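Visitor: First the structure, which I've put down as structure tokens, then a few questions once you've had a look.
Derivation of every value follows stated rules applied to the coordinates shown; laboratory data play no part. None of these values were measured; they are calculated from a predicted model. Please note: Cβ atoms are built from the backbone with ideal geometry, for glycine as well, and neighbour counts cover all protein chains shown.
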Amino acid sequence: MERQLKAFFEGNSPTFDLPLVLHGSAFTQHVWRELQNIRAGDTRSYSELAQAMEKPLAVRAVARANGANQIAIIIPCHRVIGADGSLTGYGGGLWRKQKLIEIEAQYRR
């Protein structure tokens, strides 16, 4: 894991290949899988994530599941932003969320 985190922060690898044992409801785990489908350098709003899950009315539940994520870089909850493009809720602080988004912007090139 240390090697993969180093590669991520150095801009050498946008993904992680780690075995995960996730604990949460089926819905929460579905949200976390959808988060892993957002490519590094991209962002989605909570409503876009709910629509991708075919649960367009579950925006608040998606936000709660996003906030319950305990492995924030591996399951990239920082890629979820407000509908207006603003940075919203992040357990590690919005400045860290901004930094992670900036690091990942290089992967779009």
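Visitor: Dividing the convex hull volume of the Cα atoms of segment 2-108 by its residue count, what figure in Å³ per residue is obtained?
Guide: Value for segment 2-108: 98 Å³ per residue.
Visitor: Within segment 10-52, find all residues whose amide N lies under 19 Å from a label point positioned 7 Å from the Cα of residue 98 along Cα-to-beta-carbon.
Guide: Only 41-44 pass the distance filter.
Visitor: Same structure again: If you project the alpha carbons of segment 47-109 onto their three principal axes, what span does each projection cover, largest first, in Å?
Guide: 32, 26, 21
Visitor: Now for a separate question. Multiply the residue gap between residue 29 and residue 17 by 0.36 nm, knock off their C-alpha separation, and tell me the result in nm, one decimal place.
Guide: 2.6 nm
Visitor: Taking a cut-off of 29 Å between Cα atoms, list the lysines near residue 55, but don't count ones fewer than 8 places away on the same chain.
Guide: 97
Visitor: A further question on this structure: Under 18 Å from the Cα of residue 99, which aspartates and glutamates turn up, not counting those fewer than eight places away in the same chain?
Guide: Candidates past the 8-residue exclusion: 10, 42.
Visitor: Let me ask another. For a Förster distance of 22 Å, can you work out the FRET efficiency between the beta-carbons of residue 105 and residue 83, rounded to the nearest 0.05?
Guide: For R0 = 22 Å, the calculated efficiency reads 0.60.
Visitor: Give me, ordered by chain and number, the residues 5 or more places off residue 44 or on other chains with an amide H under 5 Å from its own placed amide H.
Guide: For residue 44, the qualifying residues are 80, 81.
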